[in-house]
Structure formats: structure tokens, C-alpha cells
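Some notes on the structure that comes next.
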Ligand code: HEM
């Protein structure tokens, strides 16, 4: 039975107050993030194509794989996903608090600075100004701007929560606050503290950053959105607040220790490897708490999936979350890791988390809020449905072939009789499927971007802006 009904009603009641929200900041973040999703989608297809046709785009330095890959990674992570999640946060926090956003002016200044950061990142990475650490490639001066923007975001969100009318705090607020504090810690460590270390310690800090970029930046802000939008989109109270709190605190306790599982069989001490494996297995606790809560919320509501596009994205995202977080602990085991580590399995795993789960949550949230903040109807439900199926089929093609390919690659690497170059040649069919799956995903991005932009333009014509 659901418990703690008063708190759950925070999520289930569409509008408890008469507060009129401007949502200007949310609009800017969401719309610009979608533009980057489209542009960086083209870069994604280009690098996927280079695996199949290595001569593509010749030797022009700024179009080489080494420049475009970090552009794809940073563009998707910071230009699309984090920016979209920030936009959704600017929408949901004031509503969960029953007050207006603390400062729309500060929010708009943050949106402008964020766009400057992304454009600076594009120029820097194409020019080859790259620190050389994965996910932390951006030059120091761009990193400093990220820190300033994050402080501005944090002040606005914490001040809004500080002014809240409702004493009880819905679980999304906990995750938003956690995400702001953890991102600060993870980003500063991965981008700045790492400079003061060398050798194995530096690699260890870098992996701690990479893993926690997913676990302590994108996971909490993505779950904040899922906890808000699943009850909203299905118009059903959350199953259990207590369970959501178990998920939150266990995530806070467990995640930070897992990064060293990327260095198993490497030159780090065995005790550190064992700690990373143990905590990776313990991740199953927060994951179970989250997934059980969402499935239980949907009990008796599954028929809504037929018509409700945001809910389709949300619940598929939950299934991908479950699969990703089952895969993670399993490939942290020494025996499995000996096969899949550093192979294509890892990008397969990373894309299921960041595209299949967290981007699906962000897309669902965008479909939910855009008609509301622009005060109009979504341009086309049918196109949104196409968007879902294109991304779902493309995504499955992408993830599954990379897992199979990665496993096969790892098996070949473990066989000293097979020359390395043969293991590269063997993967070409896998990369070809990945490219065509990417084309489907990109068509989904185009449908999404067009639908949202057309909705915004319609609102403008109707005078809703
Ligand atoms: C059209 C869709 C996409 C295609 C074709 C694509 C393609 C690629 C390719 C070819 C790589 C390099 C893999 C390698 O070096 O072995 C890559 C890496 C990566 N991509 Fe994507 N991508 C897409 C969408 C996304 C999205 C939506 C996100 C995140 C929101 C994302 C995040 C990443 C990350 C984090 C990496 C680095 C993975 C790692 O180091 O293991 N990608 N992508």
C-alpha cells in the first residue's frame, strides 16, 4: 500500500498553488539544450562513420577523430543532457516549493554563461586545446566558467528551496540538492585537484571523476526529474516516500567508492580494487529501491503507456536504468572485467545509461513541460511517438551490438594467438550496425527538435511567449 499520502500528493497534484511561474530560465535552458542535441548528434554520426570509413574527412586537423570525439562527449554531456536537466530543475523546484524561482534574472544570466561555456568548449576542442583527461578535456579557463555557472545555479535553487511554502520536501528536492553539492565536489576533483597528482594516483582520481560524473551528477539530477515526472505524467501518487529516501541515502553512501573498478587488474593496490568491487555490488540497493518504487507507482496504470509519450520514455528509461545498473556491478567482478574492460562493451554501457536512461528521462520531461511553459499544445503527438520508436529501435541496435562486439573483442584480446590488427578488422560489422543505429537515433533527435521548436513557434504565433 502507498504510504505517507500527504507528501505524495506534492507530486500527484498538478498545481497546488496559484503562483504564476515565469519559466523564462527553464525555456532558455531547454531550448538551447535541444539545439546542441541536434548539432552534437551530427558530430556523433560523423565519429561513428569514421569507424566504418576511416578515410572520411581526410586529414583536416579539426575534423579528425581525436578532436571530434571529445567534442561529442562534452557536447552531449554538458551542452545537451546537463543543460536540459538544469532547465527541468528550474521548472520543478519552484513548483515543489510553492513559490516562484528565487531570481529569473540570475537564471537568465546562468543560461547566457552556460551558452558561452558550450561555444567556448566547441572552439577549444576543435582547436585541439585539450587537457587530455577523459570527460575533463576542457581548458582550465572554461572549467572556471563552469564552476561560476554552477555556483549561480546552486544559489538560485537553494534560495528557492529556502523560501519554500511546503515544509515537507518531496524526494526530487533531495536529489536536486544532492546533485548540486556532489557535482561541485566531483567536478572540482576531476578538473582541478587532479592537476596536483601524478601517475597512478592521477589515473585513479580521473576514473573516480568519470564514474561519478555519471553516478553523482547525471544520476541524481536525472532521478530528480524521473521522481517528479513519473507521478505527474501518470497522474498517480508515488508508491513510497520512505523507499525513495532509502534509495537517496544509499546512493549517497555507495557511489563515491566505485570509480576504481575501472582499474581492476591495473597497478593499484588489491584492497582498493576489492573496495571498488564491494561498493559496486552494493549499488544494487539504491537501484532496487528506485526501480521498485517506480514500478509499484505504475501498478494498474500500465495501459497509459499506449497513448502517453512522456510515460513511454520514462518507463523505458527505468528499464534501461535497471539494466545498466545490473551490468555495472556484474562487470565489476574481476572475472567478467578481465574480458570486457576497455572494449566496446564500455561505450555500449555508457550509452545505455546516458542515452537510454537519462536522455530518455530528459526528453520525457521536455515533452511534459514545453506545452505548459509555452502555454500551448504539443505540435504533434504522432511525431513524438515516432521520436520514441526511432530512439528505442536505434538505441537497442546500438547497445546490444556494442555489448556483443565488446565481449567478442575482449575474448580475442585474451587470446595471444590473434594479432591485434585482426581484432580491429573483426569489429567492422559491429561498427557498421552502430552507425546505422546512430542514424535512427539521429532521426529521433530531428523529430524531437522539430516538434519542440514548432511548439515554441506556434506559441509565439498565438502570443503565448
Ligand atoms: C546519434 C547518437 C549517438 C552516436 C552515433 C554516438 C556515437 C559515439 C561514438 C562513436 C563514440 C566513441 C566510442 C569509442 O571511442 O569507442 C561515443 C562516445 C560517447 N558518447 Fe556517444 N553517440 C550518440 C549519442 C550519445 C548521447 C545522447 C550521449 C549522452 C547523452 C553520448 C555520450 C557519449 C559518451 C559519454 C561517450 C564516451 C563513452 C566512453 O568513453 O566509454 N552519446 N559516442
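Throughout, read-outs are computed from the coordinates displayed, never taken from laboratory work. Keep in mind that this is a model prediction, so the values were computed, not measured. Positions of Cβ are generated from backbone atoms using ideal geometry, with glycine treated the same way; all protein chains shown enter the neighbour counts.
Annotations
- C-alpha center-to-center spacing [region 393-449, region 107-136] in angstrom: 29 Å
- With one equal scatterer per alpha carbon and no solvent term, the Debye-computed log10 I(q)/I(0) for region 25-461 at 0.07, 0.11, 0.14 1/Å reads -0.32, -0.85, -1.48.
- Degrees, to the nearest 10: 140-162 long Cα axis against longest axis of the chain: 30 degrees
- Computed log₁₀ I(q)/I(0) - Debye formula, equal Cα scatterers, no solvent, region 375-465, q 0.11, 0.12, 0.24 Å⁻¹: -0.49, -0.54, -1.04
- Ordering of 371-377, 185-191 by burial proxy (mean other Cβ atoms within 10 Å per residue, highest first): 185-191, 371-377
- Per residue, the average separation of C-alpha pairs within less than 8 Å and at least 6 apart gives region 25-461 a relative contact order of 17 percent.
- Convex hull volume per residue, computed on the Cα atoms of region 286-432, equals 126 Å³.
- Computed across region 90-160, the Kirkwood radius stands at 13.4 Å (inverse of mean 1/r, all Cα pairs).
- 0 to 90° range, to nearest 10: angle between helix 381-413 axis and the chain longest Cα axis: 30 degrees
- Rounded tilt (10° steps) of 284-297 against the dominant C-alpha axis of the chain: 40 degrees
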